[in-house]
Every structure is written in structure tokens, then in C-alpha cells.
């Protein structure tokens, strides 16, 4: 399947409708940090430049604010296309080019497997520890602790429900790809 | 109308004061809602990044519980949870084969999932106007504040089906009812950077700096919000932003539920004011705050 068809199958987005007005890039609050701007991501998908899109930082820097989707005059949803590229990149075994975000997303799902719910303080702490950013935020963490905004982890750990969903979803997806 | 309540993970942690103030406010207005049983995290962007099916099944587990409990509506005060519930529900409604996959994963039916709404959607409805106006006990009309909606309360419009995606008014309207003339400003729907606070704090500091600059320019002394991530970022990152601005910031960031509750005469302890990094009480105490006696 061509790259743009894979994106369409995953996201329902027909990138051929994009006429490069660049409203998505103009409104994107993270465009100045991105290697490929949202309109360039859309165009690259059209051109089949899979490598450059799958390895871009842009897809991982997208914070899913949906400004692009909201403003597209062609009713295309660039945020949905970005999400599809992230899924496809991981399916193809491509390491996310923004490593800290990969660490965060994986740690987040691991925390869900333990608790079902997220224990926000441990997700933040573990992520910051693994990405070497713990020290600068320690004073803030102490202030939040004093104010009762850092809670103990939920007990008893209720991750069973989510672990079952996790197992079933991954098995089903594997089965349908095979 | 039977209402379910999905607090979401942030409200059990860093945003405890949002949960406290929502519960206190709803109890005061005699709106009954029931905690959703057996809820799990909505999965945010993490679950859908690992697998599309997981990213749909995780929020829909909660929606399926809401359907099972027979709620007419499910209230989600976190706009990210709200977005993921609505997005997943719409995706499987439009795609029967995906719905069958999700039902198989969850081992639960999704026949007629109830809609998820933000508490602002419930309270800003005109049917509440008289009740809200009549409940005011503290005069907050001197408060100079901007309403900050962030991303998902009304965006993307086709999905959220609530308020205006570029210039929302629901929170402003609600605060007007209690006498606050909210200020107009151009950044009410700009993004705060959300969870990047934990991984790319510099980016969040940049994004929130723009918000504070714009709020200050409008003459605001406080920012009023309706999302736990907006609140966390604006309340906790002010030191770094002040250092970049070259002057102190100290701008209280309040949830609309805290402001309404305070106007209705509820005590600050019930509304979680003591949990803020930037203490809002000095500002609130500057206003004429005598509780009107009944």
C-alpha cells in the first residue's frame, strides 16, 4: 500500500484534498519548533516521502491542540494525519525522533498497566528522572507536595481492567494485520 | 436527567482543587451526579500512539461503563478526557467494523453511548441563568479577569459541538451572570502546551509566556480556566516565565468552578484555594468581599 493510502486507512484523511494554503502551519503553536511544518507534513505524505515524515520531529512535537484541524478550509484533519503517522512509525519499528516524548508515552502506558488510572506524580517523576530533568523541577514538586497536589499512588492497584484491554487490543490488531 | 461524573486522573492528583470545587459547586446548586464506577484513564495521546485500537478502546471502556450505568450524560471536567471520549465515540459510530473490534476488546456492547459534556456546557445553558444569578452572595464585580478556554472545550468544532472554536463565550457568560465583566483578549483558545510540561518544560514556558503577556495587556489580574492541564501549566510555571519577562508575575489562575463557588459564599477551604502555587486569596481579599447576609 502506498504511504498516503496507509495514512488514509489509519486516519480517514485524504491528503489529496490539501491545497497548501498553510493555515495549519500558521496556526500551529509549535510550528516554530518543528522540522517539517504541518502543511509540509501534509504535502510530504502526498508525495510519498515516507522516510522524511516517519522520521520527522514534527509528528512527535504535535501536542494535538487541533488548531490545524479546526481551521482547515478543506476539512482535512492534519492532527489526525499526524496521529496516524505516529502509529505507523511505531508499527514499522522506527524510533521516535524526539526521545523524551517516546519515554513519556511508554511510561504513561506502563503506569496505566499498573494502576488503570494514572498516578500523575509518578508518571512525571519517572519521566523526568529518565530524561534527566528531575532536578530543576524538584522545588516545584515539594511545593505541590505541601499543598496536597501530590497524592500517594492509588491502592489497591486497579490495573487489571486496563491490562486486559491492552492485551486484547494488541492481540486483535496483530491478528488483523497478519 | 441522570448525570455521571468522570473526574479523570489529574483531578485525583495535581488538580485536586478542581475536583473539590466542582463537587462543592454542584452540591450547592443541587445538581446530582454519580461517580462513574470502575473508571480508568482516558489514555490521552499515549495509548493511541502505541496502537490505534488501544487508543479507541481505552476511552470507550469508560463510555461503555456510562452506558451500562444508564446515564443520560457523562460529565468530564478535563478537556483532554472530554476530547478523547468524544473522538473515540464518533470514530466507532462512523465505522461499524471498528466498533465491533472495540466491543470485542472490551467484551462490552456500545449500543447507544451517552454523550460526554464539559461542566461548562451544562452550567452555561440559559436554563441556569436565574438560579446562578440568584445564588450570588459575594460581590466579585471588581475582579479583572480573562477566561482561558485552551484547546478542547470547543475545538475541533465539528466534534465538540459546543461554543465557538475561535471565540468561545460560555465561561464569560457564566461569569457575567455572577457580576464579573470578563475582559476580551486574543489568546483564549491558544494552547498551553499541556503534558509537554513534564517532558519539554521550555516549550511550555514559551507558550504560557505568550498567554500571560496577552492577559496582562488586556489588564487582567487573574486567569480563569476550565481544564486541569491549563491550570497546572499556568499556575506552576510562573517563576520561569517571570524570569524571562524580567518582572514578577504572581497572577492567580482559578477554575471557573472555584470562582462560582466563591461568589455563592462557599468557604475557600471547600474550593481548594490553599492548593495553588500562586495564592489567589490576597487578590480576592482586595475586592469588596463581605458576604451578603440573607
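Just so you know, all these numbers are worked out from the coordinates, no wet-lab data involved. Treat the numbers as computed from the prediction; the structure is a model and nothing was measured. Reconstructed Cβ throughout: ideal geometry from the backbone, glycine too, with neighbour counts over all protein chains shown.
If the elastic network links every pair of Cα atoms under 10 Å, which of B:222, B:263, B:248 fluctuates the most in the Gaussian network model of chain B?
Comparing B:222, B:263, B:248 in a Gaussian network model of chain B, the most mobile one is B:248.
Give me the one-decimal nm value for the distance between modelled label points at residue B:184 and residue B:112, 7 Å along each residue's Cα-to-Cβ direction.
It works out to 4.3 nm between the two label points.
At a temperature of 37 °C and a viscosity of 0.692 mPa s, determine how fast region A:3-91 diffuses translationally according to Stokes-Einstein, using the Kirkwood radius over alpha-carbon pairs as Rh; express D in µm²/s, rounded to the nearest whole number.
After rounding, the answer is 265 µm²/s.
Using a 7 Å offset from Cα along Cα-Cβ at residue B:244, what residues in region A:91-124 end up with backbone N under 20 Å from the label point?
A:100-101
Fewest to most neighbouring Cβ within 10 Å: what's the order for A:43, B:118?
Fewest-to-most Cβ neighbours within 10 Å comes out as A:43, B:118.
Report the calculated FRET efficiency for residue B:95 and residue A:92 (r = Cβ-Cβ distance, R0 = 22 Å), to the nearest 0.05.
Values: r = 23 Å, r/R0 = 1.06.
It comes to 0.40.
Quick one: among A:160, A:148, A:132, which has the greatest mean-square fluctuation in a GNM of chain A with alpha-carbon springs under 10 angstrom?
A:148
Just need the relative contact order of region A:87-147 here, percent rounded to a whole number, with Cα pairs under 8 Å and 6+ apart.
Details: 23 pairs, mean separation 14.7, N = 61.
Value for region A:87-147: 24 percent.
Compute the acute angle (0 to 90°) between the alpha-carbon long axis of helix B:201-217 and the principal axis of greatest extent of the alpha-carbon atoms of chain B; round to the nearest 10°.
For B:201-217 against chain B, the angle is about 50 degrees.
Seen from all sides and averaged, what is the projected area of the convex hull of the Cα atoms in region A:1-54, in nm²?
3.8 nm²
Could you give me D for chain B, from Stokes-Einstein at 10 °C and 1.306 mPa s, where the hydrodynamic radius is the Kirkwood radius over C-alpha pairs? Units µm² s⁻¹, please.
Translational D for this selection: 81 µm²/s.
Cut-off 10 angstrom, C-alpha nodes, Gaussian network model of chain A. Which of A:29, A:38, A:136 fluctuates the most?
A:136
Could you compute how fast region A:49-178 diffuses translationally, taking Rh as the Kirkwood radius over C-alpha pairs and applying Stokes-Einstein at 37 °C with viscosity 0.692 mPa s? Give it in µm² per second.
Answer, rounded: 190 µm²/s.
DSSP beta bridges in the protein assembly as shown, what fraction antiparallel, as a percent rounded to 5?
Details: 0 of 16 bridges.
Around 0 percent antiparallel, to the nearest 5.
According to the Kirkwood expression over distinct Cα-Cα pairs, how big is the hydrodynamic radius of region B:74-151, in Å?
Evaluated on region B:74-151, it is 15.7 Å.
Using R₀ = 45 Å, calculate the FRET efficiency as 1/(1 + (r/R₀)^6) where r is the Cβ-Cβ separation of residue A:1 and residue B:134; round to 0.05.
The value I calculate is 0.15.
On C-alpha positions alone, give me the angle between the axis of helix A:160-177 and the longest principal axis of chain A, in degrees, nearest 10.
Orientation of helix A:160-177: about 20 degrees from the principal axis.
Show that you can apply the helix-only estimate: for the protein assembly as shown, add -39,500 (n - 2.57) for every DSSP H stretch of four or more residues, divide by all residues, and state [θ] at 222 nm to the nearest 500.
-15500 deg cm²/dmol
Please report, for the Cα atoms of region B:153-283, the Rg to one decimal and the Dmax as a whole number; what are they, in angstrom?
14.8, 41
Is region A:99-160 best put as rounded, prolate or oblate by its Cα gyration tensor, with a ≥ b ≥ c the root eigenvalues, rounded for a/c under 1.5, and otherwise prolate when a/b is larger than b/c, oblate when not? Kindly include the intermediate steps, with their values, before the conclusion.
On the way: a/c = 3.41, a/b = 1.13, b/c = 3.00.
Oblate, because a/c is 1.5 or more while a/b does not exceed b/c.
What are the equivalent ellipsoid semi-axes of the protein assembly as shown, built from the alpha-carbon gyration tensor (square roots of five times its eigenvalues), in whole angstrom, biggest first? Display every interim value, and only then the final one.
On the way: eigenvalues 246, 127, 96 Å².
Over the Cα atoms of the protein assembly as shown, the semi-axes work out to 35, 25, 22 Å.
Residues of B:151-159, mean number of Cβ from any other protein chain within 10 Å of their own Cβ, rounded to a whole number?
Whole-number average of other-chain Cβ neighbours for B:151-159 is 4.
Obtain the nm distance between the two label points defined at residue B:202 and residue B:127 by a simple spin-label model: each point lies 7 Å from its Cα along the Cα-to-C-beta direction.
5.1 nm
Using a 10 Å cut-off on Cβ to Cβ distances, tally the other chain neighbours for every residue of A:104-114 and report the average as a whole number. Walk me through the numbers before you get to the answer.
Details: counts 8, 9, 3, 3, 10, 10, 1, 3, 10, 0, 0.
The shielding value for this peptide is 5.
Taking the 0 to 90 degree range and rounding to the nearest ten, how far is the long axis of helix B:79-94 tilted relative to the main principal axis of chain B, both from C-alpha atoms?
Approximately 30 degrees, to the nearest ten.
What FRET efficiency do you get for residue A:33 and residue B:269 if R0 is 51 Å and r is their Cβ-Cβ distance, rounded to the nearest 0.05? Spell out each step's value before the answer.
Working: r = 41 Å, r/R0 = 0.81.
Using R0 = 51 Å, I get an efficiency of 0.80.
Any idea what the alpha-carbon Rg over 2.2 N^0.38 Å comes to for region B:6-62? Numbers along the way, then the final one.
Details: Rg = 13.9 Å, N = 57, 2.2 N^0.38 = 10.2 Å.
Dividing the Cα radius of gyration by 2.2 N^0.38 Å gives 1.36.
For region B:77-210, what's the relative contact order in percent, using C-alpha pairs closer than 8 Å and at least 6 residues apart? Show your work: numbers first, answer last.
Working: 130 pairs, mean separation 32.3, N = 134.
24 percent.
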